[in-house]
Amino acid sequence: MPKNCPPADEKHGLGLGAWLSIGWLAFITLASTLAPLFLPDPEAVNPLLSRNGPSGSAWLGYDATGRDILSRVINGSKWTLLIALGAVLIGVVVGGFLGLVSGYFRGGFDAVLSPSFNIMLAFPQLVLALLLVSVFANGADDSVAKRIFVLIVALGIIAIPLLARITRANTMAWADRDFVMAAKAMGAKPWRVLFRDVLPNVVPAMMAITLLAVGVAVVAEAGLAFLSLGVKLPTPSWGNIMAEGKLELRRVPMMVIAPTICIFFTVMSLNFLGDVIQKRFNVRESLL
């Protein structure tokens, strides 16, 4: 039987920090989804309101072109999170599968895949993403959708080796357990053993590192935006709002402060939940 379960001496419940993290992520997701219903158009320009400070009608004020900063930050979260989640989904599916195959079958598979993971991890990740976006989506005529798609794929390629290495290490740890060996002895086919007995026990570690990877992807999107390779303007994202705001820092500081706070709380929440998952599903050997 799998032994992947919470330690018996831990109290039940997630704790206040975990609930606050879940609450923040739920809030930012719900707000970005419902933003068109209660916030003005984030791309609407009004020069008469340029650089106006916070007020009852615009809680964070207006940017240099008269766009509502709060609306841009809330609507921008949708694209930032979409890029991060899409990229990590690619990493989980591709990297997770390759890690499972490498860690379970070993031999020739591991001899090819493991060095490949190391080579990809050795390559500077931001440089790789910069290269991919520059080559495939840096034209003046490229659409916003194309840029977002290329960003997702570029960051997904970066996430593959990290998730593959974590999955491989955990697969190797579980592949030699007694219940796996028993399944093999009873004649179960390798792929059945891999997906029925090994994968469920590897999933918690994958979930923990996946949450951390989403946080990394959020920060990476902001970094690419500072290099003018993020989501194309005027479509907002946390990264390109900050990139625009760096030139207006003294006159409109909320253009930088607001998305920075959102990125901070989002990454912190993801990291905290990743730690919670790792602790709650900490592998303990059975005494039986």
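Quick note: the coordinates plus some simple rules give every number you see, no bench work behind them. Just so it is clear, the model here is predicted, and its values are computed rather than measured. Cβ coordinates were reconstructed from backbone atoms using ideal geometry, including for glycine residues, and neighbour counts include every protein chain displayed.
Report relative contact order for the chain in percent, whole number only (criteria: Cα-Cα under 8 Å, sequence separation at least 6). Can you show the working numbers first?
Numbers: 440 pairs, mean separation 80.7, N = 288.
Over the chain, the number comes to 28 percent.
Kindly state, to the nearest 0.05, the FRET efficiency for Ala182 paired with Ala111, given R0 = 25 Å and r defined as their beta-carbon distance.
Values: r = 28 Å, r/R0 = 1.10.
Plugging the Cβ-Cβ distance into 1/(1 + (r/R0)^6) gives 0.35.
Provide the FRET efficiency to the nearest 0.05 for the Asp41-Ala145 pair, computing r from the beta carbons and using R0 = 22 Å. Spell out each step's value before the answer.
Numbers: r = 19 Å, r/R0 = 0.84.
Rounded to the nearest 0.05, the efficiency is 0.75.
What's the center-to-center distance, using Cα atoms, between the stretch 62-100 and the stretch 214-248 in Å?
Cα centroid of the stretch 62-100 versus Cα centroid of the stretch 214-248: 10 Å apart.
With +1 on each Lys and Arg Cβ and -1 on each Asp and Glu Cβ, how big is the dipole of the stretch 67-280 about its Cα centre, in debye rounded to the nearest 20? Don't jump to the answer; show the numbers that get you there.
Numbers: 19 positive and 11 negative charges, 49 e Å.
Using only the charged Cβ atoms, the result is roughly 240 debye.
Once the dipole of the chain is set up with Lys and Arg at +1 and Asp and Glu at -1 on Cβ about the Cα centre, which of Ala140, Gly103, Ala159 lies farthest towards its positive end?
The listed residue farthest towards the positive side: Gly103.
For helix 199-226, report the angle its Cα long axis makes with the longest principal axis of the Cα atoms of the chain; keep it between 0 and 90° and round to the nearest 10°.
Once rounded, one gets 30 degrees.
By average Cβ neighbour count within 10 Å, what is the ranking of 275-281, 225-231, 75-81, 52-58 from highest down?
Values: 275-281: 17.0, 225-231: 20.1, 75-81: 23.3, 52-58: 12.3.
The most tightly packed comes first, giving 75-81, 225-231, 275-281, 52-58.
Tell me, in nm to one decimal, what length is gained between Gln278 and Ala169 on full extension, where the rule is 0.36 nm per residue of separation less the Cα-Cα distance?
Values: separation 109, 0.36 × 109 = 39.24 nm, distance 1.48 nm.
Additional length available on full extension: 37.8 nm.
Mean residue ellipticity at 222 nm from the helices of the chain, using -39,500 (n - 2.57) per DSSP H segment of n ≥ 4 over the full residue count, to the nearest 500 deg cm²/dmol?
Values: 11 runs with 190 residues, N = 288.
That calculation yields -22000 deg cm²/dmol at 222 nm.
Label points 7 Å out from Cα along the Cβ direction at Leu249 and Leu20: separation in nm?
A separation of 2.8 nm, rounded to one decimal place.
How long, wide and thick is the stretch 67-280, going by the Cα atoms along their three principal axes, in whole angstroms, largest first?
Largest to smallest, the principal-axis extents are 70, 37, 25 Å.
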